[in-house]
Each structure stands twice: as C-alpha cells, then as structure tokens.
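Please treat every number below as a calculation from the coordinates, not as lab data. The shown structure was predicted, so the numbers you read here are calculated from the model rather than taken from an experiment. Every residue, glycine as well, gets a Cβ built from its backbone with ideal geometry; the counts of neighbours run over all protein chains shown.
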Amino acid sequence: MALPYFVPTSVQEAVDILAHYSGDAKVIAGGTDLVVRMREGVLRPAALVDIERIPSLSFISLEDHRLRIGATTTISTILESSEVQRCAPVLSEAARRMGAVQLRNRATIGGNLASAVPSADMAPPLLVLGALVHITGPSGERALPIDAFFIGPHQSALRPDEVLTFVDVPVLESGSGAAFVKFGKRSAQVIAVVNAAAWVRVQGGRIEEARIALGAVAPTPIRARSAEALLRGQEIRGELLEWAAHAAAEEARPITDFRGTLEYRRELCRVLVRRALEQALHRAMEGE
Amino acid sequence: MPFDLRFWVNGKEVRIEVEPDETLLWVLRERLQMTGTKVGCEAGDCGACTVLLDGRPVTSCLLLAPKAHGRSVVTIEGLGSPKRLHPLQQAFIDYGALQCGFCGPGMLLSAAALLAQNPHPTEAEVREAIAGNLCRCTGYQKIVQAILAASQRALREEIP
C-alpha cells in the first residue's frame with residue numbers, strides 16, 4: 001500500500017496535516033532514526049509529513065543573549081557554526097561526537113530530541129544549558145523546559161499533532177563553563193554506552209551553580225540533581241568533584257544490555273561525570 | 001500516492017515516479033540500474049551506500065527518495081571515467097586500497113567530498129572523513145595513504 005507523503009512549506013500546514021490524520025501520521029526530518037524504525041517494522045505511520053522543506057525551521061540565530069537553533073538544522077550545520085562554537089561550545093562538542101559525516105549531514109537537532117532515545121547525544125548538553133523546546137500544535141505555540149520534555153524511551157511531551165520548531169539556550173556567560181563527554185565502543189558512529197554533560201558557574205573559587213546530565217543510563221536522559229546539590233555553593237577543593245561524581249553514579253538507573261552491564265555503566269557514570277565536571281570547571285575559571 | 005521525483009544524477013536530469021517510502025538507494029539500483037552504489041547494512045551504519053547529496057556524503061539507504069527532489073546526487077558512476085580516472089581512483093589502485101572492493105564506491109565518495117572541501121587534509125582529518133565507511137579487508141591504512149597521496153599529487157600539480 002502506498003504511503004501518503006506530504007511536503008508542507010509552513011509549520012501551520014504541517015500541523016493541519018498531522019491533525020487531519022489524528023495522530024497516526026509521523027513527522028520526518030532527516031529520517032536517520034525514523035527510516036530505520038520503519039524498516040524494522042516498529043513504526044507503521046499512516047502518512048509521513050516531511051518538514052525538511054519548511055524554511056522557517058532551519059536556522060541558527062542570536063537574540064537577547066539567547067541562541068536559537070531551528071528543529072531541522074543538521075548536526076553538521078551546528079558543528080560548522082561559529083555562533084554555536086562561541087555561544088554554546090558544548091553543543092559543538094556533542095555534535096562532533098555524533099555518528100559520522102554521513103549521519104551528521106542528515107540528522108537534525110529536532111529529530112535527535114523528538115526520537116527521545118535515552119542515548120541522544122544532544123540531550124545532556126541541552127539539559128545542562130537549561131534549554132527551552134519550542135513546539136507548535138493545533139492550539140498554538142508553547143515553550144517547554146527540556147527537563148519536562150523526555151517521558152520514556154521513544155516517548156516525549158511532543159504530541160502526535162505537534163511539531164518541534166526550535167530549541168533555545170542562554171548564551172554562555174563569563175564565569176561559567178560546560179563540557180560533554182561520551183563513551184562508546186568506537187570513537188565514531190556509535191550509540192553511547194554512557195554520555196554526560198556538566199555545566200558550572202563559579203565565582204571566587206566557589207561553585208555558585210552546577211548542572212549535570214547523563215544519557216543511556218535511565219529510560220530518558222536525566223539530571224543528576226543530588227550530585228548538583230552537593231556542589232552548589234561549595235568551595236572547590238579536595239574530593240568535592242569525586243563526591244559529586246559518586247552521587248551522580250548512584251542516581252543513575254542503568255540496565256544491562258549488549259553495550260554494557262549495569263555495573264559497568266554505573267562506573268562509567270562516575271568517571272564521565274568527574275571528567276565533565278573537571279573540564280567544565282576548567283573552562284569556567286578560564287573565562288571568569 | 002506516487003511521488004513525481006525530479007532530480008539530477010551525475011549532472012543529468014532524471015524524472016521518475018517513485019513510491020515515497022522507497023529509498024534513494026533502491027531508486028538508483030533498481031529503477032535506474034546504477035548498481036555502483038552498494039547495499040550493505042541498510043541501517044546507516046556501514047557507509048557502502050554513500051552518495052553525495054548537494055555535494056555532501058549521505059547514506060542513500062536512509063534517504064527516502066522524495067528527499068532528493070530538486071537536488072543533485074553524485075554516485076560512483078559520476079566520479080571520473082574509465083578513460084580518465086579521478087585522482088582518488090588512481091591513488092586507490094596505486095596503493096592497493098581496495099581488496100574485495102565493496103566499500104570502494106562509498107569510500108571514494110567520502111574522500112572526494114573531503115578533498116573538495118579541504119584539498120590538503122591531515123591524516124586525522126582523513127580518518128574523520130571516512131569514519132562512516134567500514135572496510136573489512138584493508139585495515140584502512142592503505143586507504144588513508146591513498147587519500148593522502150591523491151591530495152599530495154594535487155598539491156604538486158598546482159606548483160608550476
């Protein structure tokens with residue numbers, strides 16, 4: 001049976017088509033995840049709505065100290081963007097570790113979030129940056145903190161008749177720094193065994209604020225909030241980072257699969273969070 | 001609902017009706033009988049099906065045919081010719097960079113895209129550019145040498 005395929009040129013048109021199919025149509029952007037899942041038979045959409053030709057969804061802009069990245073902006077475009085490198089370098093860092101050239105040329109930032117896989121490489125950096133996810137649906141536009149976006153494996157707060165339009169992050173300020181680290185079985189073209197990001201703001205040898213996020217160790221990408229609380233307001237000394245890394249590992253809820261055992265993943269959490277914190281701190285103090 | 005696909009393959013305009021869930025890989029091989037592009041994992045992992053879409057390497061197994069509409073595609077059939085090989089093809093022969101040859105079309109196109117953008121890459125940049133192309137025979141060493149040699153030859157030819 002032939003699959004209806006729509007190529008809308010505006011977000012409103014896309015939303016109208018999705019509403020017409022009452023949730024049974026799927027949005028396709030780069031297709032690097034969706035096409036694989038359709039081939040595996042896991043997804044059988046009644047129609048596809050290709051949002052790649054909607055001009056207003058592909059952009060990188062800087063306004064009022066906020067960096068906005070349109071949903072269909074490819075990972076390659078993010079990697080090559082000097083604005084992203086300057087305003088949110090942790091996103092460039094994560095983009096560099098995603099897939100390989102062919103995948104980065106097709107995969108989009110919106111798709112990486114909307115697929116809602118626990119290992120999504122763009123999720124930890126966006127979580128620690130405090131991103132807002134902008135969404136348009138039949139009843140209009142809404143902006144959701146990314147902390148409320150992920151619900152479970154392949155499940156997000158994005159309703160089937162909504163389109164993710166852009167993400168919005170605050171520009172990195174002086175005295176703050178962020179880092180992304182990923183461990184996979186190869187250096188390229190892999191799904192993370194564990195990935196992590198950290199963001200810190202320092203002043204006078206003290207951590208004012210910290211955020212830590214982990215991927216592939218729970219049903220969704222997660223924040224490690226008790227580890228963050230350990231760091232908040234603390235003087236940077238001794239074993240502080242190690243304690244926080246340990247706390248983050250305790251908060252993770254990993255499973256055993258062919259990429260790694262539960263125990264191995266928990267140990268990776270500790271090591272990766274420590275490395276991410278060290279790098280974030282180093283960068284924050286450089287710019288203080 | 002067939003899709004009226006119009007695109008450019010190796011510089012020639014092609015018009016063809018496709019089913020929207022056919023991949024570009026399928027259209028190239030089964031509809032246009034261009035079998036230089038190889039079917040590997042069909043999951044975007046191996047790079048055997050790599051083609052250039054508007055000059056950039058993509059895995060054609062993950063690209064639904066309508067995505068190519070209005071765009072330019074270069075396949076291995078469009079790189080050099082039997083009478084006049086592309087410098088990369090000549091270097092692959094000179095360095096024995098192919099054994100079974102299955103990864104060759106994708107590998108050459110990834111390399112061609114790299115040299116078009118960065119004519120004199122470092123070894124690290126070469127390895128980064130072909131990280132999405134798996135080769136099970138050569139161990140990559142000769143492929144990397146061949147790509148670097150092709151870029152060096154181009155460098156020498158620029159010097160009068």
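Projecting the Cα atoms of A:VAL42, A:ILE28, A:PRO8 onto the dipole axis of segment A:5-50, where Lys and Arg carry +1 and Asp and Glu carry -1 at the beta carbon, places A:VAL42 farthest toward the positive end.
When A:HIS134, B:HIS69 are arranged by Cβ crowding within 10 Å, least crowded first, meaning fewest neighbours, the order is B:HIS69, A:HIS134. Quick one: go through segment A:58-87 and flag any residue whose amide nitrogen is under 20 Å from the point 7 Å out along the Cα-to-Cβ line of B:GLU125. Answer for segment A:58-87: A:76-83, A:85. Each Lys and Arg Cβ is given +1 and each Asp and Glu Cβ -1; about its Cα centre, segment A:55-170 then shows a dipole of about 280 debye. Which Cα, out of B:ALA97, B:ALA116, B:ALA129, lies furthest along the positive dipole direction of segment B:87-158 (beta carbon charges, K/R +1, D/E -1)? So the residue furthest toward the plus end is B:ALA97. Each of B:PRO66, B:TRP8, B:ILE143 was scored by the projection of its Cα onto the charge dipole of chain B, and the greatest displacement toward the positive side belongs to B:ILE143; charges sit on the C-beta of Lys, Arg, Asp and Glu.
Suppose we keep just the DSSP beta bridges with both residues in chain A; what percent of those would be antiparallel, to 5?
Numbers: 44 of 50 bridges.
Once the DSSP bridges in chain A are tallied, antiparallel ones form about 90 percent.
Net charge dipole, chain A: roughly 780 debye, given to the nearest 20, about the Cα centre with Cβ charges of +1 for Lys and Arg and -1 for Asp and Glu.
Over the C-alpha trace of the protein assembly as shown, radius of gyration and Dmax come out as 22.9, 71 angstrom.
Per residue, how big is the convex hull around the C-alpha atoms of chain B? Give it to me in cubic angstrom, could you? Display every interim value, and only then the final one.
Values: hull volume 18.0 nm³, N = 160.
Spelled out: Cα convex hull of chain B, divided by residues, is 112 Å³.
Would you mind getting me the FRET efficiency between B:LYS12 and B:GLN141? Use the beta-carbon distance for r and R0 = 51 Å, nearest 0.05.
Working: r = 36 Å, r/R0 = 0.71.
So, using R0 = 51 Å, E works out to roughly 0.90.
Put in order of Cβ neighbour count within 10 Å, fewest first, the listed residues A:THR9, A:THR73, B:THR59 become A:THR9, A:THR73, B:THR59.
Return the ratio Rg/(2.2 N^0.38 Å) for segment B:87-158, where Rg is computed over Cα atoms only. Spell out each step's value before the answer.
Values: Rg = 10.9 Å, N = 72, 2.2 N^0.38 = 11.2 Å.
Relative to the rule-of-thumb radius for its length, segment B:87-158 sits at 0.98.
With the convex hull of the Cα atoms taken as the outline of segment A:213-288, the averaged projected area works out to 5.2 nm². Against the empirical 2.2 N^0.38 Å (N residues), segment A:153-288 has a Cα radius of gyration ratio of 1.11.
Compute the convex hull volume of the Cα atoms of segment A:202-249, divide it by the residue count, and report the result per residue in Å³ as a whole number. The partial results should precede the final answer.
Details: hull volume 2.8 nm³, N = 48.
Each residue corresponds to 59 Å³ of Cα convex hull volume.
The magnitude of the dipole of segment A:219-260, with charges of +1 and -1 set on the Cβ of Lys/Arg and Asp/Glu and taken from the Cα centre, is near 180 debye. In straight-distance terms, cross-link reach from B:LYS38 covers every one of the lysines whose alpha-carbon lies under 26 Å from its own, apart from those fewer than eight places away in the same chain; here that gives A:LYS185, B:LYS12, B:LYS67, B:LYS83, B:LYS142. Here, segment B:3-78 is characterised by an Rg to Rh ratio of 0.91, where Rg is the alpha-carbon radius of gyration and Rh the Kirkwood radius.
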